[in-house]
Ligand code: FES
């Protein structure tokens, strides 16, 4: 096996972090990727052996989640969000431009091994659409031109920063972090950008607060209102309307119609 003693020790370290060792499978697969550049057959066999699982079970996990790669990755993974909002905001155009510029298709790596291009689903960063990720770090509000400039700089080995501040490392280094081995960079850049915080700032300015929880349901019962008292009043009104509807059940309605017809 090409997974050396250090990696084997780290795989066991991950297993020891969980009450049930098999719970460590996801981070173990990230660690395998960080060492091998993909989830290799050897990696699958090793994880299965260590966890007492079948290789089919481990393969099932590795092929289910799209962040696990079965083909060798480039030094950088560039993901282009082509989900609905990003697509209409320019994500489709960015993806097409990068495919042409890099001369690769989806999930393919440039000849120099520098960039693997992949179209990705919504990254919950729609307020910065269209977004790219580089090794899972966000590049917000991109254009075809900025995306081309980005990949050119990555291929040239230049230092690149996420639009949120963090320095871009390599895909393998990022995978090691995802495995649970910190690189000390967690505090580089803000965790949420200005667009994500806009609603919070407006709420703070206007004194809005979250509605009270419905303790039966464990969920908020009304949309945010100007005060907790108003939210509670709205919730009460909603409950009263619900009760009115509930009193007239579908069975009652059908029964009434049946009586009218007879
Ligand atoms: S649609 Fe692209 S981040 Fe949500």
Identify all residues within segment 54-112 that are more than 26 Å from residue 28 (Cα to Cα), in a helix (DSSP H, G or I), in contact with a helix residue (DSSP H, G or I) (Cβ under 7 Å, 6 or more places away or on another chain) and more than 16 Å from the ligand (Cβ to nearest atom); write none if there are none.
97, 101, 102
For residue 18: the one exception among (1) part of a helix (DSSP H, G or I); (2) without any contact (Cβ under 8 Å) to a residue 12 or more places away in the chain:
(1)
Which count do you get for residues in segment 119-171 that are buried (at least 19 other Cβ atoms within 10 Å of the Cβ), within 16 Å of the ligand (Cβ to nearest atom) and within 18 Å of residue 107 (Cβ to Cβ)?
6
For residue 8, state whether it is within 16 Å of the ligand (Cβ to nearest atom) and either assigned to a helix (DSSP H, G or I) or not assigned by TED's automatic domain parsing to the domain that holds residue 131 (or both).
no
Surrounded by 19 or more Cβ atoms within 10 Å (Cβ to Cβ) and touching a strand residue (DSSP E or B) at 6+ places or on another chain (Cβ under 9 Å), is that true of residue 86?
yes
Can you confirm whether segment 14-21 contains a residue that is surrounded by fewer than 16 Cβ atoms within 10 Å (Cβ to Cβ), in contact with a helix residue (DSSP H, G or I) (Cβ under 6 Å, 6 or more places away or on another chain) and not assigned by TED's automatic domain parsing to the domain that holds residue 143?
yes
Of residues in segment 199-222 being assigned to a loop (DSSP other than H, G, I, E, B) and at pLDDT 90 or above, the one surrounded by the fewest Cβ atoms within 10 Å (Cβ to Cβ)
207
For segment 103-115, does any single residue satisfy the condition of being at pLDDT 95 or above, over 16 Å from residue 145 (Cα atoms) and surrounded by 21 or more Cβ atoms within 10 Å (Cβ to Cβ)?
yes
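The values are calculated or read from the model by the stated rules, or taken from the named source; none is laboratory data. Note that the structure is predicted; figures quoted are calculated from it, not measured. Please note: Cβ atoms are built from the backbone with ideal geometry, for glycine as well, and neighbour counts cover all protein chains shown.
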